[in-house]
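Trainee: Take a look at the following structure, please.
A short reminder: the numbers here are calculations on the coordinates, not readings from a lab. Quantities reported herein were computed from a predicted structural model and do not represent experimental measurements. All Cβ positions, glycine included, derive from the backbone under ideal geometry; neighbour counts span all protein chains shown.
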């Protein structure tokens, strides 16, 4: 079968119609672009994960070196439930200027003044000097000694850590225990210029005033309190 060819007039009308339709579609697309009304693209099957921002973490301080003290004269020594601030107990954060606490107020005035000068210099280096212990009442010292005897099994062994109330420089107000490792490290280097010396090799926190150290340096340390002749009385 032969198809009849459309007449020239029909072909002209058909071509005009097609061009009109194309022009209309183009106009609609342009209009949608201008007004921002284009329909949204189809969502993909797998949703895109939400962008994540980096999480900020506080810098963790390295674990503080723990000294292993005797039960009566070290950083953990003053946690005695029955005895209070009036006996020389100190809460955390006490400095050499906090004379509201008897442990600070009852220190020898020259020792306290030296501590304050040293603490001010340490602060310039970003170090805060906190005190774990200072003056102690005889009752407090006796309690600590009894704890040490119970822990070590004999007065002889306990004497390596805790003095008697009659011989302790804490009871006389002539000694302090420094609470923080960074402060004891600073004092081990700079303390002598203020007359502050570590007295016992096994107690890096225990400091006493030795005025001659300002010019001559600190004297040799005793191995522990039992080697100190002052403790033999």
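Trainee: By average Cβ neighbour count within 10 Å, what is the ranking of 144-152, 199-207, 87-95, 215-223 from highest down?
Mentor: Working: 144-152: 18.3, 199-207: 21.4, 87-95: 16.3, 215-223: 12.6.
Result, highest mean Cβ count within 10 Å first: 199-207, 144-152, 87-95, 215-223.
Trainee: Further question: Using 0.36 nm times the number of residues separating residue 232 and residue 124, minus their current alpha carbon distance, what extension gain do you get? Don't skip to the answer; put the middle values down first.
Mentor: On the way: separation 108, 0.36 × 108 = 38.88 nm, distance 4.01 nm.
This chain segment gains 34.9 nm when fully extended.
Trainee: With label points built 7 Å along Cα→Cβ from the Cα atoms of residue 146 and residue 216, find their separation and express it in nm.
Mentor: If labels sit at residue 146 and residue 216, their model points lie 4.1 nm apart.
Trainee: Please give the residues of segment 190-227, grouped as numeric ranges, whose backbone N is less than 17 Å from a label point set 7 Å along the Cα-to-Cβ vector of residue 117.
Mentor: 190-198, 208-219
Trainee: Ok, one more. Give me the three principal axis extents of segment 92-233 from the C-alpha atoms, as integers in angstrom, largest value leading.
Mentor: On the principal axes, segment 92-233 reaches 44, 34, 24 Å in Cα extent.
Trainee: What does the extension gain come out to for residue 166 and residue 181, with contour length at 0.36 nm per residue minus their alpha carbon separation? Please list the in-between numbers first.
Mentor: Details: separation 15, 0.36 × 15 = 5.40 nm, distance 2.91 nm.
Here the answer is 2.5 nm.
Trainee: Report the full-extension gain for the segment residue 82 to residue 100: residue separation times 0.36 nm, less the Cα-Cα distance, to one decimal in nm.
Mentor: Working: separation 18, 0.36 × 18 = 6.48 nm, distance 2.03 nm.
Using 0.36 nm per residue and subtracting the Cα-Cα distance, I get 4.5 nm.
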